[in-house]
Amino acid sequence: MKDRKTQVENIIRLLHAEYPNSKCSLDFSNPFELLVGTILSAQSTDKRVNIVLPSLLAAFPDANAMANGTIEDIKEHIKSVGLYNNKTKQLKNMSQMIVDDFSEVVPDKMKHLVKLPGVGRKTANVVLGNAFGVPDSGITVDTHVIRMTQRMGLTTNNNAVKIEKDLMKIVPQVEWVDFTHLFIDHGRKICVKKPKCEECILISNCDQLY
């Protein structure tokens, strides 16, 4: 465990130096906007989501407005996003629950967020860590994090929740939010499906050479 912690500390240090401006790539100015954007980002790119968010949020700027919107009106704004039919229902139902159960305010606790339609631990971690500044809620595990942590030997699991638990044991808590952003940046640029190991600054910290 000690060796893994040292390995992770080295990885984080190198990635911070390589990506000093690493941050959440979704555009948002409040928790509701990030919650909406994160739900939309499933099976879609953050770039695509950032394109549709301005018009969607102009029409439905808060939970009350979206809860009162029609399925057809909401859908019209997100048709270019993957799985838009299902996401339209999730956005409307999520907003309605925020209005009914949380006085129109996005909750800031994991146990409450995961009760919302369309929200699992991954989405809740994104919102808590980036919109509320709660770094100790957990670690957001996306496809880049899964791919890189498996290659580096930081986990042997395939399940995102189990991977998160593995990482929480070895990643310093103060780095839980940045850890995901750094891994996403490196996963998009270098540690892709066919990794560019010859260009990788983490090669000496990786268990598996490709």
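Ranking VAL114, ALA124, CYS197 by how far each Cα lies toward the positive end of the dipole of the chain (charges on Cβ) leaves CYS197 at the top. Enumerate by residue number the GluC sites (Glu not before Pro) in segment 1-85 meeting two conditions: DSSP loop (anything except H, G, I, E, B), and at most 14 other Cβ atoms within 10 Å of the site's Cβ. Loop-located and lightly packed - none at all. Arranged from fewest to most other beta-carbon atoms within 10 Å of their beta carbon, MET66, MET148 become MET148, MET66.
Which residues make up the longest stretch of the chain that has no trypsin sites (Lys or Arg not before Pro) in a DSSP loop with at most 16 other Cβ atoms within 10 Å? Don't skip to the answer; put the middle values down first.
On the way: sites that count: LYS23, LYS79, LYS109, LYS115, LYS193, LYS196.
Formally, the longest exposed-site-free interval is 116-192.
One decimal place: the segment ASN68-GLU9 gains 16.5 nm when fully extended, by the rule 0.36 nm per residue minus the C-alpha distance. Legend: ranking of residues ILE39, ILE74 from fewest to most surrounding C-beta atoms inside 10 Å; resulting order ILE74, ILE39.
Since only ASN68, ILE170, LEU56 are under comparison, the one whose Cα sits farthest along the positive direction of the charge dipole of the chain, derived from C-beta charges on Lys, Arg, Asp and Glu, is ILE170. The gain in end-to-end length when the GLN150 to HIS16 segment is fully stretched comes to 46.2 nm, 0.36 nm per residue minus the alpha carbon separation.
Using only DSSP helix segments of four residues or longer, with each worth -39500 (n - 2.57), what per-residue ellipticity at 222 nm results for the chain after dividing by its residue count and rounding to 500?
Values: 11 runs with 121 residues, N = 210.
Value at 222 nm, helices only: -17500 deg cm²/dmol.
Using the Cα centre of segment 31-130 as the reference point, and only Cβ charges (+1 on K/R, -1 on D/E), how large is the resulting charge dipole? Debye, rounded to the nearest 20.
Numbers: 12 positive and 10 negative charges, 103 e Å.
The calculation lands at about 500 debye.
At 0.36 nm per residue, and after removing the present C-alpha to C-alpha distance, how many nm does the segment from LYS115 to LYS165 gain when stretched out fully? Numbers along the way, then the final one.
Details: separation 50, 0.36 × 50 = 18.00 nm, distance 2.03 nm.
Result: 16.0 nm gained on full extension.
Charging the Cβ of each Asp and Glu at -1 and of each Lys and Arg at +1, and nothing else, the dipole of the chain about its Cα centre rounds to 740 debye.
Quick one: divide the alpha-carbon radius of gyration of segment 31-130 by 2.2 N^0.38 Å and tell me what you get.
Numbers: Rg = 12.1 Å, N = 100, 2.2 N^0.38 = 12.7 Å.
Normalised Cα radius of gyration, segment 31-130: 0.95.
Among ASN159, ASN64, ASN130, the largest mean-square fluctuation in a Gaussian network model of the chain, built with springs joining Cα atoms closer than 10 Å, belongs to ASN159. Pairs with C-alpha atoms separated by more than 31 Å, drawn from the list LYS111/LYS196; LYS111/LYS193; LYS5/LYS89; LYS115/LYS189; LYS87/LYS162, are LYS111/LYS196; LYS111/LYS193; LYS5/LYS89; LYS115/LYS189.
We did not get these values from a lab; they are worked out from the coordinates using the rules stated. In this text the structure is predicted, and so the values were computed from the model without any measurement. Every residue, glycine as well, gets a Cβ built from its backbone with ideal geometry; the counts of neighbours run over all protein chains shown.
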